Amino acid sequence: MANYFNIGKLSATYGTEGEFILRHSLGKRTALKDVTAVFIEERKDSFLPYFLQKAKAKDAEHVYVKLEGIDTREAARNMLQKGVYLEEADFKAQASGSAPLSLLGYQVEDSVHGPLGQIEEIIEMPHQVLAKVTYREKEMLLPLNEQTLLKVDKKQQLVRLELPEGLLDIYLG
């Protein structure tokens, strides 16, 4: 099965031909050049491919997209707020190296507890970036900020953290 990376969601309709405004967190202005298909999460972990007819950058967080087979405003409205995913190769080509989203798939290591697991999801909140990691079969949300982030090793795809004392105990206790 292919690896899919969440880049954002269909946030609004645009025009009358079934176009969308895609809100993404790729970290740069993009027109999704060379991307032939995006994947929409119809149900949890169920992705349907939609071919891109056209895409045009709006700003650093939004892109206008037209998907094949979605030709009316009503059809587009039914897909609003659905997650949009890219296959791994497309994701790596589109994401800015400095975007938090580019850390997907990296291994996480804590200065005290050692290896914790792989970053499965990046959750960007208004004042906080969280990395979802599964450690000892428990889902954990780890803060990525100036206080916790020691080093990001792009070559080894490793994120070294110094987590606040007691944070892991909350998840494992």
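The values are calculated or read from the model by the stated rules, or taken from the named source; none is laboratory data. Being a predicted model, the structure only gives us computed values, none of them experimental. Neighbour counts are summed over all protein chains in view; Cβ atoms, including those assigned to glycine, are modelled from backbone coordinates with ideal geometry. Keep in mind that these areas ignore ligands, DNA and RNA; they rest on the heavy atoms of the full protein, side chains included. Shrake-Rupley method; radii C 1.70, N 1.55, O 1.52, S 1.80 Å.
Among the candidates Gly27, Gly8, the residue that is touching a His at 6+ places or on another chain (Cβ under 7 Å) and surrounded by 13 or more Cβ atoms within 10 Å (Cβ to Cβ) is uniquely Gly8. Answer with yes or no whether Arg73 is over 27 Å from Asp153 (Cβ atoms), in contact with a Ser or Thr (Cβ under 6 Å, 6 or more places away or on another chain) and free of Cβ contacts under 8 Å to residues at least 40 places away in the same chain. The answer is no for Arg73.
Among Gln81, Gln107, Gln118, Gln94, which is surrounded by 12 or more Cβ atoms within 10 Å (Cβ to Cβ) and touching a residue at least 60 places away in the same chain (Cβ under 8 Å)? Steps first, please.
On the way: Gln81 fails: surrounded by 12 or more Cβ atoms within 10 Å (Cβ to Cβ); Gln107 fails: touching a residue at least 60 places away in the same chain (Cβ under 8 Å); Gln118 fails: touching a residue at least 60 places away in the same chain (Cβ under 8 Å).
After applying the criteria, what remains is Gln94.
Quick one: which residue in Lys155, Lys151 is part of a strand (DSSP E or B), open to solvent by 60 Å² or more (accessible area, probe 1.4 Å), of a type outside the set (A, V, I, L, M) and over 24 Å from Asp34 (Cα atoms)? If you could, list the steps in order and put the result at the bottom.
Numbers: Lys155 fails: part of a strand (DSSP E or B).
Just one listed residue meets the conditions, Lys151.
If only residues of the stretch 121-148 that are surrounded by fewer than 16 Cβ atoms within 10 Å (Cβ to Cβ) and of a type in the set (A, V, I, L, M) are counted, the one that is nearest to Asn6 (Cα to Cα) is Ile123. Taking first residues from the stretch 121-138 that are assigned to a strand (DSSP E or B) and partners that are of a type in the set (Phe, Trp, Tyr) and open to solvent by 30 Å² or more (accessible area, probe 1.4 Å), the Cβ contacts under 6 Å between residues at least 6 apart in sequence or on separate chains come to Lys138/Tyr171. Residues of the stretch 10-40 that are on the phi < 0 side of the Ramachandran plot and in contact with an Asp or Glu (Cβ under 9 Å, 6 or more places away or on another chain): Thr13, Glu17, Arg23, His24, Ser25, Leu26, Arg29, Val35, Thr36, Ala37, Val38, Phe39.
Of all residues in the stretch 38-57, those that are in contact (Cβ under 8 Å) with a residue 24 or more places away in the chain and either farther than 23 Å from Ile122 by Cβ or surrounded by 16 or more Cβ atoms within 10 Å (Cβ to Cβ) (or both) total 7. The numbered conditions (1) more than 30 Å from Asp169 (Cβ to Cβ); (2) out of contact with any Asp or Glu (no Cβ under 9 Å at 6 or more places or on another chain); (3) polar (S, T, N, Q) are all true for Gln118 except (1).
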